[in-house]
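For reference, the structure is listed below as structure tokens.
The values are calculated or read from the model by the stated rules, or taken from the named source; none is laboratory data. Predicted model only: the values in this text are computed from it and were never measured. Cβ placement follows ideal geometry from the backbone for every residue including glycine, while neighbour counts extend to all protein chains displayed.
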């Protein structure tokens, strides 16, 4: 009997990359829906594996997964999947942690450079007034990066890639990551902060590369902003809910934060209900040139997207076919069940 893999919200109608991996040995179901209840129940009940990007795999879904042995989150983050409930049901949950590492790191660096050199602000000023904008004064966040401290929250794959790029600009690198084994700082020659507050007090640029967990949700709040160096940049290319955007807005208003770059928001897509988005969208004079907003696109390049699709299907298919489990993020719950 062929294996059946359900793409709960696939972005490709062809699945050509995926079929080069499985060949004729698997049935790939691709309903292209964005809700659990929009997909025929029989598809959920009959699938051996699921690849999901946006459809949550939670209490509404898991009781119907009668044959499912693996769920692959089509991306790095896996907060839309109930890890424990899947583990209790004997379902492995995996992610794709290495498809857009360089792209996300590049995005964080690009935002830092845009603030330091004013490229976006100066371009916008010239568009608004070609003659009057012909001045450096619209770069309100300019600073020298050489010798400044680049602070990384989460020194995993992406955080490390961003840190190495920053060091190439002559920056000093510090990081906070309580889950990293002792000695990692020695291998890289970075400074390790013992607490988040310590890192925030050191860094001229703070870049977030941590997963969304109970511990990291709203980690950057009013207290965190207060602990930051005056005039620091804050960049988030990880997960939106890690930052309390109200705290970021107050930090910008007070001048505590020189600039904020966001590729992610607590609620996506962006709406004007979020005051920081409203202020940015209105191009408030006090905020002009001090904030960059991207549509959660830091992961994307055509190469990265092809890698994502290939790696996701390989993870699901090789486990179902050979029992080879890669990038499992709920192993502790699977082990308890066994």
Is it fair to say residue 251 is under 25 Å from residue 147 (Cα atoms) and part of a strand (DSSP E or B)? no
Among the numbered criteria (1) surrounded by 14 or more Cβ atoms within 10 Å (Cβ to Cβ); (2) over 14 Å from residue 86 (Cβ atoms), which one does residue 68 miss? (2)
Which members of the range 36-57 meet the condition of being over 22 Å from residue 308 (Cβ atoms) and loosely packed, with under 15 Cβ neighbours inside 10 Å? 37, 38, 40, 41, 42, 45
Given 279, 304, which one is out of contact with any strand residue (DSSP E or B) (no Cβ under 9 Å at 6 or more places or on another chain) and assigned to a helix (DSSP H, G or I)? 304
Filter result (over 30 Å from residue 126 (Cα atoms) and crowded, with 20+ Cβ neighbours inside 10 Å) within the range 282-310: 308, 309
So residue 75, is it surrounded by fewer than 21 Cβ atoms within 10 Å (Cβ to Cβ) and at pLDDT below 95: yes
Strands (runs of 3 or more DSSP E) enclosed by the range 119-221 - at least 3 residues per element that are in the same structural domain as residue 245 (by TED's automatic domain parsing) and out of contact with any helix residue (DSSP H, G or I) (no Cβ under 6 Å at 6 or more places or on another chain): none
Quick check on my filter: what residues within the range 11-35 are more than 20 Å from residue 64 (Cα to Cα) and surrounded by 12 or more Cβ atoms within 10 Å (Cβ to Cβ)? 11, 12, 15, 17, 18, 19, 21, 22, 26
